[in-house]
1. Are any residues in the stretch 234-281 among the charged types (D, E, K, R) and at negative phi, and if so, which ones?
2. Suppose we filter the stretch 123-159 for residues that are at pLDDT 95 or above and loosely packed, with under 15 Cβ neighbours inside 10 Å; how many remain?
3. Return only the number of the condition from (1) modelled with pLDDT of 95 or more; (2) surrounded by fewer than 16 Cβ atoms within 10 Å (Cβ to Cβ) that residue 109 does not satisfy.
4. Which one of these does residue 140 not meet: (1) under 25 Å from residue 281 (Cβ atoms); (2) assigned to a loop (DSSP other than H, G, I, E, B)?
5. Is it the case, given these coordinates, that residue 39 is in a loop (DSSP other than H, G, I, E, B) and within 30 Å of residue 152 (Cα to Cα)?
Amino acid sequence: MPSTSELVAMRRAREVAADVLLADGPNPRVGCVILDAAGTVIAEGAHLGAGTPHAEVVALRAAGDAARGGTAVVTLEPCNHTGRTGPCSEALIRAGIARVVFAQPDPHAVASGGAQRLRDAGIDIESEVESDESRALNREWSTAVSRGRPFVTWKVASTLDGRVAAADSTSRWISGPDARRDVHALRARCDAVVVGTGTVLADDPQLTVRDAPLPLTGQPLRVVVGLRDIPTSARVLDDSAPTMVMRTRDVDEVIAALGDREVRHVMLEGGPTLAAAFLGAGLIDEVVWYVAPMVLGAGPSAVADFGTTTIAEGVRLGEVRVEQIGDDARIVGQVQQREAHVHRDRRGTWTDHRGDEPAR
């Protein structure tokens, strides 16, 4: 059983991890607190993003020789993998740590196995301590790694009657300034923002984080999907963020390509057609819907036909939360598991702009 000091340290480790402003991938948020043999905190550390030292290494460096014989309290199972950084399990062994308390087992097949390596070295292990709280810290990352595809959040802004634009195609601004700032904060948590060519041609969005703090990982990848050409002057092709143009209508191909880039959290901001394609393929995990106190009576609906014919085939949400954001309502819910109703296989090509390469 974890001691009182270890439980306090675990809560502090989560705080340290949460304080780092990161998008949801490719690496998780992790915090580590080092206790000496008497249970006193001597150091703490957090992971700052892909390619930087892991939380355990940061904390061990801060603790120095005082870590010997102590306890490492970590929000995620120490890794046993050599990638951009060395395995944390070996760092803990070299530092002379006597006990490791961790929350969430690592769901990543490549990085897992750290706990067994530590046990083999004679280190006492306490696992799954307040694991639900730590999983919540990395909900999207954990889901993506477990499922083998990015977690997809569909963002919608509509009127009370479900319109995303007026009959003359004007859509600025359906939602109010508070809701738009909230969208930027959501965008800052995502690794990629996906729209269709129709949205680019109609609205010329920039798709960057502007009205929220920019994460250490930088601007999200902008992804444009569709077969229509977009002008070279489009704001989505400017130098403010990397962009990938995918000349395809196959959303399975889009998700596979983003998964290959280690994208863990996708924000879908496309129009009705792209939303229908994702819904039909069963690729939406979460819905964030901003409803403005307005009725238009005409104009495009939030989603096009994706193949449902009866109430039973509709997409239902669970864990629904409703909150007022300025004059608008924000509805957040998790898509209940359902099989893909429609499958499209229209292969295409994709292009990275400004030489942006997948993370490895």
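1. So in the stretch 234-281, the residues among the charged types (D, E, K, R) come out as 235, 238-239, 247, 249-250, 252-253, 260-262, 264, 269.
Within the stretch 234-281, 235, 238, 239, 247, 249, 250, 252, 253, 260, 261, 264, 269 qualify.
2. Residues that pass the stated criteria total 1.
3. (1)
4. Residue 140 satisfies all of (1) under 25 Å from residue 281 (Cβ atoms); (2) assigned to a loop (DSSP other than H, G, I, E, B) except (2).
5. Values: in a loop (DSSP other than H, G, I, E, B): yes; within 30 Å of residue 152 (Cα to Cα): no.
It is false that residue 39 is in a loop (DSSP other than H, G, I, E, B) and within 30 Å of residue 152 (Cα to Cα).
The values are calculated or read from the model by the stated rules, or taken from the named source; none is laboratory data. Quick caveat: nothing in here was measured; it's all calculated off a predicted structure. Because the Cβ atoms are built from the backbone with ideal geometry, glycine has one as well, and the counts that use them run over all protein chains shown.
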